[in-house]
Structures are given as structure tokens and as C-alpha cells.
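Only the coordinates and a few stated rules stand behind these numbers; no lab work does. Here the structure is a predicted model, which is why all the values come from computation and not from measurement. Cβ atoms come from the backbone with ideal geometry, glycine included; neighbour counts cover every protein chain shown.
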Amino acid sequence: MNFDFSGKRALVTGAGAGIGRATALKLAELGAQVIALSRTKAHLDSLKQENPSIEIICVDLVEWSTTREAIKKVTPIHLLVNNAGICLQTPLLDATPEQFDLIFNVNLKAIMNVSQIVVADLLERNLKGNIVNVSSLASHRGVANFFLYAASKSAVDSFTKTMALELSPKGIRVNAVNPTVVMTEMGRHVWSDKEKSEAVLARIPQGKFVEKLDVVNGIVFLLSDNSDMINGHMLLIEGGLRCC
């Protein structure tokens, strides 16, 4: 398969670390002009050092108006990866309104905000585009003690399906990737409890957690013309994880 994004402008949110950073670097390697967005300046500076061709934007996606103004300055965007997200351990009985607002503002509301600006600009310019939302297997299976996170990712899947229906007639495809535990810094922290992690590993036939590159490869495929007839799809990246 040919993965050549020359002449395409790509925006990756949450690009300072983890899946987002790896995605930004891969897309740049494949010829895209990459704009990396993160709220952490030090992470962006480090990314810029690693690949000086990447343009960086430091903004907190919780800030609605500031985000919109920042995105408008870098359009057009042909390839959008809505990757930014947070994961908090929130059992049902312990979840707070503040945690609810934070998780849904970052994991969901930010997707709406960024996508509105990118899509409106593409339509105005009569350009085609591709969007990939980074969701989670938690939207399909649920994860005990991650009540709010799982709910937010279920909403991301719903966003994805509805966006695809609305936008594909206009030349913009929308898909999602839904990985299980990914060995990012956040993933290692959340799943550092050996007893908890081994219980999940025992249900994965391949006997290992997902690595960043596994997710990046899925994102790249969905952004490319190789997946032209894949639309409104949730790509599970979980090594055949058994339900029980």
C-alpha cells in the first residue's frame, strides 16, 4: 500500500506525547505538513526539536474561543486526528460533576469544536478531507472504575458515526480507532497494578498490550486513500481481546 501524504496538511491534537506525538511524527515522515497541538509547551518544544518541519500550537482545548482562533490560523486542514483526551479512574459512586465536565470537555466537546472549524473551512474551499477520532475499546466493553471515561468514548463513537453520515456526501470521511490498553506513559501509569494488568493480558490471545505504533498504523490507514470505502467505522485495535 502507498502512504504518501505529500501536499496534505494534517492537524493532530494532543500531539505532545503518546499516540498523538507518534502520529504527528509518522505523518511528517510520510510527507504531510503537520501541525501539532498540545497544551504542554515543553512537549511541543521537544517535538519540534525531533522534527523541525512540524508546526506547533500550544493551546488548552478546554478554552473554546482560544482554540477556535488558533485553528482558524492554520487552515486548510486536509487530515484531522482528534487524539487529545484524558483518562481518570472514576467509579460511579465517586464521580464528581467537576470530573464529568473535565472529561467530556476534553474527550468530546473539543472534537466538536476543532472539527467545526476544520470542516467549515474545507467546505468553503470545496476541498475533501479525512478525520480520525481516537476512541477506546472502553466504548464497546466498558471498564470497571472508569465510568466517565468509558461514557465519553461511547459518545466519541456516536459522534464519529453521525459525522460520517453528515460529511461523507460532502467529500469528508470520518472514522475512529478504538484501542485497548496502549503502552503510552498514561497507559503504563493507569495499568501499573500487576494484578489488574495481568487479568486483562490473560484475555488477549497475543499476550501483550497494544503499542503506540499499532494505533498509529491504524490511523494512517484510515487517513489514506487505501481506506476509501471505510466510513463511519470503529477500528478495534485489541489483539482479539476476549470478553471474558
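Tabulated results
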quantity: Lysine pairs in the stretch 1-126 with Cα atoms under 23 Å, if 8 or more residues apart or on separate chains; calculated: 13
quantity: Extension gain, Asp101 back to Asn51 (0.36 nm per residue minus Cα-Cα distance, nm); calculated: 14.6 nm
quantity: Computed E for Glu124/Trp64 - FRET, C-beta separation, R0 25 angstrom, nearest 0.05; calculated: 0.75
quantity: Highest average packing first - 96-108, 8-20, 77-89, Cβ atoms within 10 Å; calculated: 8-20, 77-89, 96-108
quantity: Axial C-alpha extent at least 24 Å, average Kyte-Doolittle at least 0.0 - helices from the chain (DSSP); calculated: 147-167
quantity: Proximal lysines relative to Lys208, as straight alpha-carbon distance under 20 Å, when same-chain residues fewer than 8 apart are discounted; calculated: Lys194, Lys196
quantity: Stretchable slack from Gln89 to Lys41, in nm (0.36 nm times residue separation minus alpha-carbon distance); calculated: 14.7 nm
quantity: Added length on full extension, which subtracts the Cα-Cα distance from 0.36 nm per residue, Lys161 to Met229; calculated: 23.1 nm
